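The values are calculated or read from the model by the stated rules, or taken from the named source; none is laboratory data. Since the structure is predicted, the reported quantities are computational estimates derived from the model, not experimental observations. A quick note on method: Cβ atoms are made from the backbone with ideal geometry, for glycine too, and the neighbour counts reach across all protein chains shown.
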Amino acid sequence: MTDDRLEHLQDVGRVLWPAPLQLCLGKAARGPSTGRVHREYLLLPSGRRPRLLVPSGRRAAAGALRGYGVGRGRSARWQATALAAGMASGLAPLLLRDRVRLVDDRRDARIGDAPSIEAQLSEVLGTEVLLSMYLGAPRANRKPVLQVLSPEGRTLAYVKVGVDPLTCRLVRDEAAALVALAAAGLQRATVPSVLHSGQWNGLELLVQSPLPVGSSRGRPSRERVVAAQVEVADIGRTAAAPLAGSAYWTALTERISTLPETASARSLAELRLGIEQRFGDVELALGAWHGDWTPWNTALAGDRLLVWDWERYAGSVPAGFDAVHWALQTDLVNRLADPSESARRSLASAASVLEPFGVTGEQARATVVCYFAELATRYLADRQVEAGARLGDVGSWLLPAIVTALDDDAHVRLGPQERRGTE
């Protein structure tokens, strides 16, 4: 069976390396039957379990791997470090047999003559470039994320490529977010700057400056991360006011009303009424949030906290969303916890997690419930369950968590069909 990530590579390969280039998969001992090899890449760790595409040159491959384990578990960091050392020595490329070749079958083809993404980025950055690409798991917002390298293995930039309406919007949103954050003058977090944004061949490109993730030493403390999250939440922060009349609640209500028609969407619309009945009078302050702040997009380099992946950045949400998201996603992804249990732990820990934001008691519980509704709305709008995302079925965990958070006298409950989250 073909790995889904390999299918994804083949799909995006057609737009990143359009005709006359052809993307060919094979073993190191085999060459293309016809045409000239434009570029050659290694599939790591193998063609059976593809996770990373790196240039075959040992210095560029080692450079691509140096920052790969940042933000992941200790085992992943060690593996990335060991593999980078193997690449630099020249031994690993001899042992890794699964390759991807870009073949140009024009008789007069010349290296660098094809209309590839490398050619475009070389023009943008004004120098020769090589590319590495992370191959992510299935989800609606999966998109090519490219590390741009010099032939010597120095990281020049990171690039996100929008390939469909959703990912194009997210790429544009991140470009706008980085511009806004640059103007905000953050002191507790370092974020990328925009080197270039625009369209190429109908795709949306965002070229970002590299952060020094290769110099990362260990994970930042919870106190360091929370202080940065509080600083972001203070961007445009409002005085506390009742949830029901807030700009956030009005916007969320509108987004829920425009969701694709599914059983889970209908249940969420009903639960919105229950949330308003239960927590509408609770006063919450609104501010900005990263939108997807997790250990794997955060690193500590010297005295600098590095934070990237700002495509979900937004203002006017209940203060503390980022801290709730960090805790939940760490539990779900790093510990592979049961989603329903993770959601219950989020409710139980609300007061302690949100205390640094000045959110206490009933405010904390209301904030977590709003976060559940926010995340469910996002997953439903993006059609994550149809994309095969592991956590995309909100009817199996997020919606029941909202029910649990409502008092016994709440008027909204899920039926069996809604609990399944299916039509």
For region 214-237, enumerate the residues that are surrounded by 22 or more Cβ atoms within 10 Å (Cβ to Cβ) and over 17 Å from His325 (Cβ atoms). Ser216
Counting only residues that are of a type in the set (Gly, Ala, Ser) and without any contact (Cβ under 8 Å) to a residue 40 or more places away in the chain, how many does region 357-378 have? 1
Quick one: in region 124-152, which of the residues that are surrounded by fewer than 22 Cβ atoms within 10 Å (Cβ to Cβ) and in contact with a Pro (Cβ under 9 Å, 6 or more places away or on another chain) is farthest from Leu52 (Cα to Cα)? Glu128
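Going residue by residue through region 29-36, is there one that turns out to be closer than 20 Å to Ser132 by Cβ and either surrounded by fewer than 18 Cβ atoms within 10 Å (Cβ to Cβ) or at pLDDT below 75 (or both)?
Among the residues of region 29-36, not one is closer than 20 Å to Ser132 by Cβ and either surrounded by fewer than 18 Cβ atoms within 10 Å (Cβ to Cβ) or at pLDDT below 75 (or both), which makes the answer no.
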Out of curiosity, is Val213 closer than 26 Å to Ala364 by Cα and touching a residue at least 24 places away in the same chain (Cβ under 8 Å)? no
Residues in region 249-282 that are under 17 Å from Ser316 (Cα atoms) and either free of Cβ contacts under 8 Å to residues at least 12 places away in the same chain or acidic (Asp, Glu) (or both) total 2
Go through region 330-369 and count every residue that is of a type outside the set (Ser, Thr, Tyr), within 14 Å of Ala319 (Cβ to Cβ) and not in a helix (DSSP H, G or I). 2
Residues Leu243, Leu252: which one is closer than 22 Å to Val353 by Cβ, hydrophobic (A, V, I, L, M, F, W, C) and within 24 Å of the chain's Cα centre (by Cα)? Leu252
Tell me which residues, restricted to region 10-24, are closer than 16 Å to Ser132 by Cα, among the hydrophobic types (A, V, I, L, M, F, W, C) and either at pLDDT below 90 or not assigned by TED's automatic domain parsing to the domain that holds Leu205 (or both). Leu23
Might you let me know whether region 313-333 holds any residue that is assigned by TED's automatic domain parsing to the domain that holds Pro242, under 16 Å from Pro242 (Cα atoms), out of contact with any Lys or Arg (no Cβ under 6 Å at 6 or more places or on another chain) and surrounded by fewer than 23 Cβ atoms within 10 Å (Cβ to Cβ)? yes
Looking only at region 280-303, how many residues end up being surrounded by fewer than 23 Cβ atoms within 10 Å (Cβ to Cβ) and either of a type in the set (Ser, Thr, Tyr) or not in a strand (DSSP E or B) (or both)? 12
Residues in region 187-201 that are over 29 Å from Trp17 (Cβ atoms) and surrounded by 16 or more Cβ atoms within 10 Å (Cβ to Cβ): how many? 4
Counted residues in region 84-113 being at pLDDT 55 or above, surrounded by 15 or more Cβ atoms within 10 Å (Cβ to Cβ) and not in a helix (DSSP H, G or I) come to 9
